[in-house]
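Presented below is the structure to which this report refers.
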Amino acid sequence: MNTDITRGGQYLIKETNSDTIFTPENFTEEQVMMRDSVKEFIDKEIWPNKERFEKKDYAFTEECMKKAGELGLLGVAVPEAYGGLGMGFVSTMLVCDYISGATGSFSTAFGAHTGIGTMPINLYGNEEQKNKYLPKLASGEWFGAYCLTEPDAGSDANSGKTKAVLSADGTHYSITGQKMWISNAGFCNLFIVFARIEDDKNITGFIVENDPSNGISLGEEEHKLGIRASSTRQVFFNETKVPVGNMLSERGNGFKIAMNALNVGRIKLAAACLDSQRRLITAAVRYANERIQFKVPISTFGAIRTKIAEMATNAYVGESASYRAAGSIEQRINQRIEEGNSHQDAELKGVEEFAIECSILKVAVSEDVQHCTDEGIQIFGGMGFSEDTPMESAWRDARISRIYEGTNEINRMLAVGMLIKKAMKGHVDLLTPAMKVADELMSIPSFDTPDYNELFAEEKEMIEKMKKAFLMVAGSAVQKFGPELEKHQALMMAAADMMIEIYMAESAILRTEKLAKEKGQDKVKEQIAMTQLYLYHAVDIINIKGKEGIASFTEGDEQRIMLMGLRRFTKYTNLPNVNALREIIASKVIDKNEYSF
């Protein structure tokens, strides 16, 4: 058993060996078959019918969900004992990735059902609850929904006013309240509902069957910017009777259930934004190769090639980081099972351990997919603004991904807040390396010319320096503000962006280094170029956000020394030729006429 498994957040203070990470090139034969079957389903059932989703055909969304259930795709994460496929965490990521690329409407229905609709029962339900509900949910006989958000309880999820009152005879709870933005509400058979018992500090979770005769009513379908055929309604509970046996976990444990469900939801949301980027890049490249202006395809123009290179780079890096984190989580789950934990506890603790990375990925990949759709429209020009092309609907669908599973602003602050809590618990030693960085700032820098003969030698050094920049800013901020840091949101947002760029850039370096060892550098020159291009941008962001952070809480000599340190930590010895890197990437994608990595 490998006891030297990196904990969540430790990437900031430890060097990771590329041999230890999981990448998409490591998919097993079974996983490749699963990926191909999911792609076949999407290409056959979903992609040709995009127009039906845009016309708010909710019944068609339900019909497609039933077909997914028949293929076993709704039960990938459900153990075999309850009618599912019992696949590992990486496999569940893979299915979520490739099932989500065609339309946000179906992606949302799938994610709401398999994730927050089914997962709380899988991870928190007792045997009776799991035996009763999971087989129906895994097969698509029943569909699930998740009722947390209320008119006055959004990001502050624990502030909900929905009440659960125990009956005089102690047999059931009576639930009364209003929930909103409930995905799958229009066709679900079961709700995971969060309500407060008496004046409890924390909410409690309940499994509630959807029976209109039991005080349950629905609002009209919401008319939304995107995900138009995703059923989204308000749900009203009026003294809805729920047997005491349908309480999920323990009284007052609802907030923990909700937060852990969101951790899984966040990394799965990142996965759900990957294949849409691959498909959009392919659509944009094919259009650029066919569109003739000034007697040549517009794919020959440098401005278009730059866009294609940047889109492909973000997709590659997002994929690298998402599967790195999924592999870390699966490794942690397996370790806990070996140690004697139940599958439920192992999965809960495995995901919870990497909650920081889940938030990082949610933010980074949701923003990348929005940028991808926006640039896709731009490449299509006027046609991109038309409903006759896939770009317009993709742009609208992408917008919600920065809002649900916790807004990107909330997730940025969560990432920093969780890191500080881990440091206080001794799970991540930030203090020792931060003090070393402080000492380094007072020392004379080396003027020796480094040896950069090995692949990524300078890039790895840049990653180490970026980590030092983060530790310098975050370490000083924590020392100055302590627990009050959470009140300084702009500073936390800047620190979060530094954390995000380090994880994403390092993930790309590790994946590409692993690829180069297996195939040889000459076979992966485009991946090397994408990695170097992404790092170039990441260094710039570290510099900008570092300056923002430093200026917000320092002055005088302290500020001057930290700004000098930041310049030292963001300085290349050999500045990359970004235009040459973009040309390497764009040439491959345009020549292949598709996203091809």
Cα centroid distance between the stretch 411-448 and the stretch 189-209, in Å?
39 Å
Sorting check: for 234-244, 27-37, which peptide has the highest mean count of neighbouring beta carbons within 10 Å, and how do the rest follow?
234-244, 27-37
Taking all protein chains in place and a 1.4 Å probe, what share, in percent, of the accessible surface of the chain do carbon and sulfur account for?
50 percent
Across the stretch 102-118, in residue order, what do the Karplus-derived ³J(HN,Hα) couplings come to in whole Hz, using 6.51 cos²θ - 1.76 cosθ + 1.60 with θ = phi - 60° and x for Gly and Pro?
8, 7, x, 5, 5, 4, 5, 4, 5, x, 5, 6, 6, x, 5, x, 9
Give the angle, between 0 and 90 degrees and rounded to the nearest 10, that separates the Cα long axis of helix 578-592 from the longest principal axis of the Cα atoms of the chain.
50 degrees
Size of electric dipole in the chain: Cβ of Lys, Arg +1 and of Asp, Glu -1, about Cα centre, debye, nearest 20
700 debye
Relative to the longest principal axis of the chain, what angle (0 to 90°, nearest 10) does the C-alpha long axis of helix 489-519 take?
70 degrees
Helix-derived [θ] at 222 nm for the chain: sum -39500 (n - 2.57) over DSSP H runs of at least 4, divide by residue count, nearest 500?
-18500 deg cm²/dmol
Residue (of 253, 303, 265) at the positive-pole extreme of the stretch 246-328, dipole from beta-carbon charges:
303
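For each pair in 201/480; 268/480; 421/467, compute the distance between the two Cα atoms and list the pairs where it is over 24 Å.
Result: 201/480; 268/480 exceed 24 Å.
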Rounded to the nearest 20 debye, dipole of the stretch 550-597 from Cβ charges on Lys, Arg, Asp, Glu
160 debye
Going by average Cβ neighbours within 10 Å, how do the peptides 343-349, 409-415 rank, with the highest at the top?
409-415, 343-349
Ratio to report: Rg/Rh of the stretch 20-68, with Cα atoms as the point set and Rh obtained by the Kirkwood method; give two decimals.
1.17
Under 5 Å between amide H atoms, partner at least 5 residues away or on a different chain: which partners does residue 146 have, H built in plane at 1.01 Å?
183, 192
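With +1 on each Lys and Arg Cβ and -1 on each Asp and Glu Cβ, and nothing else charged, work out how big the dipole of the stretch 225-342 is about its Cα centre, in Debye to the nearest 20.
For the stretch 225-342, the charge dipole is close to 480 debye.
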Lysine pairs meeting the criterion (Cα under 27 Å, 8 or more apart or interchain), as found in the stretch 1-135
19
Measuring with a 1.4 Å probe in the full set of protein chains, what accessible area per residue, in whole Å², belongs to the chain?
42 Å²
What's the ranking of 123-134, 275-286 by average number of surrounding C-beta atoms within 10 Å, highest first?
275-286, 123-134
Identify, among 414, 442, 195, the residue whose Cα sits farthest towards the positive end of the charge dipole of the chain, taking +1 on the Cβ of Lys and Arg and -1 on the Cβ of Asp and Glu, with the dipole about the Cα centre.
442
Determine the shape class of the stretch 445-510: with a ≥ b ≥ c the square roots of the Cα gyration tensor eigenvalues, call it rounded for a/c under 1.5, and otherwise prolate if a/b is greater than b/c, oblate otherwise.
oblate
Cα-based helix-to-principal-axis angle, 556-569 vs the chain, degrees rounded to 10:
80 degrees
Pull up the cross-link candidates among the lysines for residue 523, meaning alpha carbon to alpha carbon under 24 Å and not fewer than 8 places away within one chain.
307, 460, 514, 588, 592
The summed charge of the residue 427 Cβ neighbourhood (under 11 Å; Lys/Arg +1, Asp/Glu -1) stands at +2
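The values are calculated or read from the model by the stated rules, or taken from the named source; none is laboratory data. Everything quoted here is computed from the prediction, not taken from an experiment. Cβ atoms come from the backbone with ideal geometry, glycine included; neighbour counts cover every protein chain shown. In case anyone asks, the SASA skips ligands and DNA or RNA and just uses the protein heavy atoms, side chains included. Shrake-Rupley method; radii C 1.70, N 1.55, O 1.52, S 1.80 Å.
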